[in-house]
Amino acid sequence: MKSPTAPPARRLDALLRPRSIAVVGATPREGAVGNQTLRNLIQGGYGGALYAINPRHREIHGVPCFAGFTDLPGKVEHAIFTLGDARIEAALEDAIRHGVRAVTLLSALVLDNDRDPPLRERVRARLRRAGIVACGGNGMGFCNFTDRVWAYGFETRHHGDRGNVALISHSGAGLCGILDTDERLRFNLAISPGQELSVTMADYLDFALEQPETRVVGLFMETVRDPDAMIRAFEKARRRSIPIVAIKVGRTEMAARLAVSHSGAMAGCDASHDALFDRYGIQRVRDMDELAAALVMFAQPHPVAAGGLVSVHDSGGERQLLIDVAAELKVPLAELSADTAGKLAARLDPGLPAVNPLDAWSAGGSEAHRTIGDCFATMLSDSAAALGAVVHDRVADGRIYPGYAGYLQQAHAATGKPVFLVANHQGTGADPLVTQLTEKGFPVLDGLVPFLVGARCLMAYRDFTQRVQSPPPEVDPAILEKWRRRLASEERPDEATSMELLAAAGLPMNRGLLAEDESAAVAAAAAIGFPVVVKTARADVAHKTELRGVILDVADEADCREAYRSLARRLGGRVLVAPLIRDPGVEMILGVVNDAQFGPLVMLGFGGVHAEVLQDVRFALPPFGAATARRLLDTLRMRALLDGSRGAPAPDIDAYCLAAARLSVIAHSLREVIAEIDLNPVILSAAGCIAVDALIVTRARPHHSGARP
């Protein structure tokens, strides 16, 4: 067994590029997995030593067949098991005694009336003890097309060995649904990890990133079994400028824990993946149509320029359709210069506006085709154009007119920018020209939404590679260490304690004075200066407004006594007296939640009593700088509220972003002791920002602190 510290690309050689393979359970019976697996290895042109194991045959499809491992003429690196689950354990033991270094398990590893531990866990433990790397079980296998290893148990289409797309899918059907049906994509690697008994998706991703052929990686993710390894792989993809497009299912499932804070309630189980993907530039898509389209678009060789999308149409209605859908999907459309508009106007028929997107159809005939080609090249030549699309529908029998290719070639030759031919709807049939054009670097896409999502991914990844990063602000380590020790011993800090910690770390807090009786409350209010706020200081009250635990605008001593008595009668005599914030500003929120897989996440967005209703927040992995906070803030739905309204000065957004960055340092540094933090509301105005309320929930016991970005 190789050292566990060996690079994954080398550790997986025996699995993904073995020098010899035995198919256990190979059979000549048509339709059987053992038959198709052997056929695939032959069809793929596997060049190593290949054997079949089945005591009832001497050869299958020209491959020599043996009764068992002891009968093989030499050592085998990799065994592919195509047996039923009842026979797996005995066959696996034979393989281990033989000295195999890798196995592929295609069956589900489930037995009726099984004992404890079940078959899957027994197999996992046996593989671990033997130091064997395994693909599966309950998967489709894999295809390493570059090295001609098709260890795949099911029928597949013809593939070459010069692909540049890697696809790794927890869903076996999700893998074959793209691999076996879309000839526009040329794969170098396709893997169904199955149950990840000893090799995880992160390991396969690392292997794919090491391959010189890989231009883009697609992931169909159900879970992340090794968060730290996945983060390392994402970081490698970032360093090597290899884009990753991902489906992550399970968006709507809520986290299996009871959240105390607004931050925890709004995080769910998906916020960590959004934050992770944002940190490393992973492009998230919703379904397999979008995944396939994005992979096709990233696989083409032409870099995306600055700017937005330009498109040319032969229909006014379909032009308007693109405008509507692009707005919904937030795909930026290029604003053409006056010079470009003038050139277009000179070529267009009267009544056709010289704008992007462009309806360039005229009276018809050969001149119409020349007009569309010239206009598309002119639009793409504009400095505001990043990429371009010719959006024409397919014609009879699902064909595309060869003349469409001329539009693409003319515009690309003039600009070097990526161009795409898009049909609003595929219809029936297929056209070989679609595959030919795509392989030449001029992709043909079906469906307006998948294309626009792919265009958004291309431009978002371009922007990710050009991000300006700012370092996290400095927070005194001595202060953080002091609070680490204190919070480790406190079950639930009260608001005064929470305010003290956050203020010491540099956050703008509306700190008040504690009072244990009526006289002390009056004295505190006088020291602060009326008007004040009086609120309960009970540590077990997380959301004070819900219990009428906050009394605002306490104007004088009489009001203060009345407020204290009301709170003392209902919630106890310990109160906090704080200054009244006169400027209403914009109510924001800052928060922290500790994800079970990826550690702390920082939340920023719009807050107040309706924070959970608004749900206008973003999450980020800490630590980060103010520039990251500003970028995320700019993506919020209600962002326009921060620009000032009706002549009022705009709020000091920079102050809020710095506070978010400081909170990210606290979240990262104290991740072992803090479970949740809520600062809500944070009043943001032209004078700056200040947190009015603070809640800190400590962790019940130490556990995995989360990956360190």
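Across the range 615-674, what is the number of residues that are assigned to a helix (DSSP H, G or I), more than 25 Å from the chain's Cα centre (by Cα) and more than 30 Å from residue 491 (Cβ to Cβ)? Matching residues across the range 615-674 total 9.
For the range 464-484, the set of residues classified as modelled with pLDDT of 95 or more, under 30 Å from residue 307 (Cβ atoms) and among the β-branched types (Val, Ile, Thr) consists of 465 only.
For the range 693-704, the set of residues classified as surrounded by 22 or more Cβ atoms within 10 Å (Cβ to Cβ) and not charged (D, E, K, R) consists of 694, 695, 696, 697, listed by residue number. Considering only residues in the range 191-245 that are part of a loop (DSSP other than H, G, I, E, B) and hydroxyl-bearing (Ser, Thr, Tyr), the one that is surrounded by the most Cβ atoms within 10 Å (Cβ to Cβ) turns out to be 214.
Taking the stated definitions as given, is residue 551 hydrophobic (A, V, I, L, M, F, W, C) and touching a strand residue (DSSP E or B) at 6+ places or on another chain (Cβ under 9 Å)? Considered against the rule, which asks whether it is hydrophobic (A, V, I, L, M, F, W, C) and touching a strand residue (DSSP E or B) at 6+ places or on another chain (Cβ under 9 Å), residue 551 comes out as yes.
Just to be sure, is residue 354 touching a Leu at 6+ places or on another chain (Cβ under 6 Å), small (Gly, Ala, Ser) and closer than 20 Å to residue 414 by Cα? Yes, satisfied.
Are any of the residues in the range 422-429 closer than 19 Å to residue 307 by Cα and modelled with pLDDT of 95 or more?
no
When the range 159-177 is filtered for residues that are among the β-branched types (Val, Ile, Thr) and at pLDDT below 95, nothing remains. Per the conditions (1) crowded, with 18+ Cβ neighbours inside 10 Å; (2) touching a residue at least 60 places away in the same chain (Cβ under 8 Å), the sole criterion not satisfied by residue 383 is (1). Of note, residue 95 satisfies the criterion of being surrounded by 15 or more Cβ atoms within 10 Å (Cβ to Cβ) and either in a loop (DSSP other than H, G, I, E, B) or not β-branched (Val, Ile, Thr) (or both). Name the pairs whose Cβ atoms lie under 6 Å apart, with the first residue in the range 24-46 and surrounded by fewer than 21 Cβ atoms within 10 Å (Cβ to Cβ), the second at pLDDT 95 or above and assigned to a helix (DSSP H, G or I), and 6 or more positions between them or separate chains? Going by the 6 Å Cβ cut-off, the qualifying pairs are 29/35. Taking the criterion of being in a loop (DSSP other than H, G, I, E, B) and surrounded by fewer than 17 Cβ atoms within 10 Å (Cβ to Cβ), the residues of the range 493-529 that qualify are 516, 517, 529.
Look through the range 133-158, keep the residues that are part of a loop (DSSP other than H, G, I, E, B) and at positive phi, and return whichever of them is nearest to the chain's Cα centre (by Cα). Step by step, filter the range 133-158, then rank; the result is 138. Residues of the range 431-461 that are touching a residue at least 40 places away in the same chain (Cβ under 8 Å) and assigned to a loop (DSSP other than H, G, I, E, B): 441, 442, 443, 447.
The values are calculated or read from the model by the stated rules, or taken from the named source; none is laboratory data. Note that the coordinates shown come from a computational prediction; the quantities given were computed from them, not determined experimentally. As a convention, Cβ positions derive from the backbone with ideal geometry for all residues, glycine included, and neighbour counts pool all protein chains shown.
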